[in-house]
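Encoded as structure tokens, the structure appears first; notes follow it.
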Amino acid sequence: MGRPKADLIGPDGRPLLSGALNRLHPWARVRVVAGQGPGKGPPPWVPWLRDPPGMHGPLAGIAAAVRRFPAEYYLILAVDLPWARPELLVAAGRRYPHRATVGRSSSGYWQPLAGLYPAAHARSALTLLRRGERRAGVWARSGPRPPIAVPGPWWVNVNTPEEAGHLLGA
């Protein structure tokens, strides 16, 4: 919720950023960290893209990644989703080519920062930012067709150390 979370400890006992990078490894040719500041910083082999000047938030990071790394699809995974299953997003994307596939929690909450997005959809982040829109949920639903939901209990996010402790049973 608008605060650095990369260094919070996740269910695997490592910082959330490390867990997210590991979960993306089999599915992403290039992994990047985007945003104002990922805490202690990403590993040296991971590019760190700062938000474009005058812009901030998740859409700014997505826009920076899209500009720097052209691709056919973008697999987006926020660090605060320690149980996220990117392989499910990829599998749904294979079943529904050219459609965004987005995680949806068991309570029905969409997680737009856990999704597989076609390039044209991903590029629209910058257009929305220029119009003053910063909400990732609006962006996720802005494609030519509604996103495909990938439901499950894996899309629960962690926002504070207290929440992380509670969810992990500490």
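What follows is calculated from the coordinates using simple rules that are stated; it is not laboratory data. Note that the coordinates shown come from a computational prediction; the quantities given were computed from them, not determined experimentally. Cβ sites come from the backbone with ideal geometry, for glycine too, and all protein chains shown count toward neighbours.
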query: Spin-label point model (7 Å from Cα, Cβ direction): what's the ALA120 to GLU72 distance in nm?
result: 1.5 nm
statement: Dividing the mean separation of Cα pairs under 8 Å (6+ apart) by the residue count of region 56-170 yields a relative contact order in percent of 36 percent
- prompt: Å³ per residue of the Cα convex hull, for the chain?
  reply: 110 Å³
- request: Mind sorting ASP12, ASP51, ASP7 by how few other Cβ atoms lie within 10 Å of their own Cβ, fewest first?
  value: ASP12, ASP7, ASP51
